[in-house]
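One structure below.
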Amino acid sequence: MPTYPVGMASPSTDLLIDGERVEGAGAPLAVENPATEETVAIVGSASEEQVRAATAAAVRGQEAWSRIAAAERAELLHEIAAGLRARTDEFAALMTSEGGKPLVENADEVGWTASAFSFYAELARTQIGRVIPPVETHQLAMVVKEPLGVVGAIVPWNYPLLLLAWKLAPALAAGNAVVCKPSELTPLSTLALAPLFHALPPGTVQLLAGAGEVGSALVQDPRVDGIAFTGSTETGKAIARAAIDRMARVNLEMGGKDALIVCPDVSGEALQIAAEGAAWASFLNAGQVCTSTERIYVHASRYDEFVAAFVAYTGTLRIGDPTQPTTDVGPMVSAAQRAKAAAHVEAAVAAGAELLIGGDRAGHERGHFLSPAVLTGVPAEAAVLRAETFGPVAPIVRVGSVDEAVALANGSQYGLGVNVYTTDLETSIGLSRRLKAGTVWINDPLTDNDAGPFGGFKQSGLGRELGPEGLEAFQETKHVHLDPRIERKDWWYPYGR
Ligand code: NAD
């Protein structure tokens, strides 16, 4: 029998298709509480027929939704944002029960989710294209932005509502209908969104559940005009391959191996703060953030002091029940994710690295707990310095120069984000230009801004979310060339007049 955390009503397990709440007719998904390993709920996946019904409803819904004026669509998106804010505690509790992220981080996530809806509500009603200089002065030439049509939004488990909102909010704002497919590990918070869409035309938003095969069926449905995806690089490539056959648009946010560089000019109190910031960037959401710091490069002149401060601070973190407001680090999402991260630690130690702290179960018999691990002396070829770990593991590497740190940071198949700590303006400007990543944060790790684009270089992705770029990802571009006169043009036949 599913069990719910104390005080929580049983969560809805219904899908949303064509404005109706329906049970999933496909394979059942058992949703696990990562802190207790108990089953929170059983959710029926969408059957193939339900995926087809969802995309057919979205085609109809999109017609109705796109006929609503942008200013009115903006009001409806603001109502969704208000609904989210009003139910912050409920959504946060649900996300903690299915994903294991500490309650305080999930409450933040709900706020950021609402913020994305507010931002795109306003952006979309002011941006429909532009007027450009025409070829002849009496003409009117316009660049018009139109909705793609039906968008499939496929998201992972680490930020289930936020990463959905980065797709759903701009896609809706641009006039699209959306079929949403949350991770099989965290469907409940997404399904709980259903009441927030009651004022939208039926079919505007569909909420499905299911694993990769449901996502794959969605990608292959010819009625889906664009896929917006966040997840692993492997899955992103599979989606891109499937989409290219019919030239469906893709916007892909994929894996990362973000570096954090500590420059030699950082000392004293600033070095202590850099150590705390680096620890937060490494261990936030148990290291399960696409932009988690996964490699720390510290200049030799600051190395010993930084490592000591980092380890001491890590030792103060409270690991445990994610429903408690004083818990800093909760469990990882699943046994498989924990095993992968723990294997990176074990392989590094076997190859000669030193584990300075963490890497154990922090005294928990149940739950997927991995206490934040700090490694030094890791050989360059170890997986923990090359492949995505996606867990609370911080390898710290001594470098002889800032140039060496830049070369190591850039020497990756990924290019999502890089963090830098420096007090020197010239170093800040220089590194912001030389680092090959979609985001460079200087002295403020991992902070998002709805107004700025988010995404990756190289194998970290294709396209951008957030900012105006995140709206354009869901728009087709049309050039309208309008001549109000019907007249023969000099450049037609016959030539040589
Ligand atoms: P995943 O790729 O396994 O799954 C992501 C989503 O894709 C899930 O909903 C899954 O069911 C679905 N899916 C799986 N196979 C599919 C297929 N063949 N066709 C269509 N959909 C399919 O990733 P995950 O384990 O859920 O998430 C962790 C990964 O996400 C990490 O690699 C992390 O870096 C990445 N991530 C990236 C960002 C970013 O913005 N770049 C943000 C968060 C997470």
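The values are calculated or read from the model by the stated rules, or taken from the named source; none is laboratory data. Just so we're clear, the structure is a prediction, and the values are computed from it rather than from any experiment. Cβ sites come from the backbone with ideal geometry, for glycine too, and all protein chains shown count toward neighbours. Remember, those area values only see protein heavy atoms, side chains included, never the ligands or the DNA or RNA. Shrake-Rupley method; radii C 1.70, N 1.55, O 1.52, S 1.80 Å.
Selection of helices (runs of 4 or more DSSP H) fully inside the stretch 152-231 by the criterion of at least 2 residues being more than 12 Å from the ligand (Cβ to nearest atom) returns 160-173, 188-191.
Checking Thr230, Thr323 one by one, the residue that is in contact with a Cys (Cβ under 8 Å, 6 or more places away or on another chain), of a type outside the set (Phe, Trp, Tyr) and farther than 30 Å from Gly430 by Cβ is Thr230 and no other. Have a look at Met247, Met254 and point out the one that is at positive phi and not charged (D, E, K, R). One residue alone meets the criteria, Met247.
I'd like to verify a number: residues in the stretch 253-305 that are among the hydroxyl-bearing types (Ser, Thr, Tyr) and part of a strand (DSSP E or B), how many? Walk me through how you get there before you give the answer.
Applying the first criterion (among the hydroxyl-bearing types (Ser, Thr, Tyr)) to the stretch 253-305 yields 267, 282, 291-293, 297, 301, 303.
Subset that is part of a strand (DSSP E or B): 293, 297.
So the count comes out to 2.
The set of residues in the stretch 380-429 being surrounded by fewer than 24 Cβ atoms within 10 Å (Cβ to Cβ) and among the polar types (S, T, N, Q) consists of Ser401, Asn410, Gln413, Thr422, Thr423, Thr427, Ser428. Out of the residues in the stretch 49-93 that are among the acidic types (Asp, Glu), under 26 Å from the mean Cα position of the chain (by Cα) and over 30 Å from Val144 (Cα atoms), state the one that is least open to solvent (accessible area, probe 1.4 Å). Step by step, filter the stretch 49-93, then rank; the result is Glu90.
The single residue among Thr204, Thr233, Thr190 that is out of contact with any helix residue (DSSP H, G or I) (no Cβ under 8 Å at 6 or more places or on another chain), buried (at least 18 other Cβ atoms within 10 Å of the Cβ) and of a type in the set (S, T, N, Q) turns out to be Thr233. Does Arg338 satisfy the condition of being touching a residue at least 40 places away in the same chain (Cβ under 8 Å), buried (at least 17 other Cβ atoms within 10 Å of the Cβ) and out of contact with any helix residue (DSSP H, G or I) (no Cβ under 6 Å at 6 or more places or on another chain)? Spelling it out, Arg338 is indeed touching a residue at least 40 places away in the same chain (Cβ under 8 Å), buried (at least 17 other Cβ atoms within 10 Å of the Cβ) and out of contact with any helix residue (DSSP H, G or I) (no Cβ under 6 Å at 6 or more places or on another chain).
A quick yes/no check of all residues on (1) touching a helix residue (DSSP H, G or I) at 6+ places or on another chain (Cβ under 9 Å); (2) more than 20 Å from Leu385 (Cβ to Cβ); (3) not assigned by TED's automatic domain parsing to the domain that holds Arg398:
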position	(1), (2), (3)
Val262	yes, no, no
Ala279	yes, no, no
Ser282	yes, no, no
Gly287	yes, no, no
Arg302	yes, no, no
Val307	yes, no, no
Arg318	no, yes, no
Thr323	yes, yes, no
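Residue-level analysis places Leu462 outside the set of residues that are within 14 Å of the ligand (Cβ to nearest atom) and at positive phi. Looking only at residues of the stretch 246-286 that are free of Cβ contacts under 8 Å to residues at least 60 places away in the same chain and within 24 Å of Ser460 (Cβ to Cβ), we find that the one that is farthest from the ligand (Cβ to nearest atom) is Met247.
Tell me the residue from Ser371, Ser401 that is more than 16 Å from the ligand (Cβ to nearest atom), over 21 Å from Leu435 (Cα atoms) and in the same structural domain as Val420 (by TED's automatic domain parsing), please. Spell out how you get there, then give the answer.
Numbers: Ser401 fails: over 21 Å from Leu435 (Cα atoms).
Testing whether each residue is more than 16 Å from the ligand (Cβ to nearest atom), over 21 Å from Leu435 (Cα atoms) and in the same structural domain as Val420 (by TED's automatic domain parsing) leaves just Ser371.
The one condition from (1) in contact (Cβ under 8 Å) with a residue 24 or more places away in the chain; (2) over 22 Å from Thr233 (Cα atoms) that Asn449 does not meet is (1).
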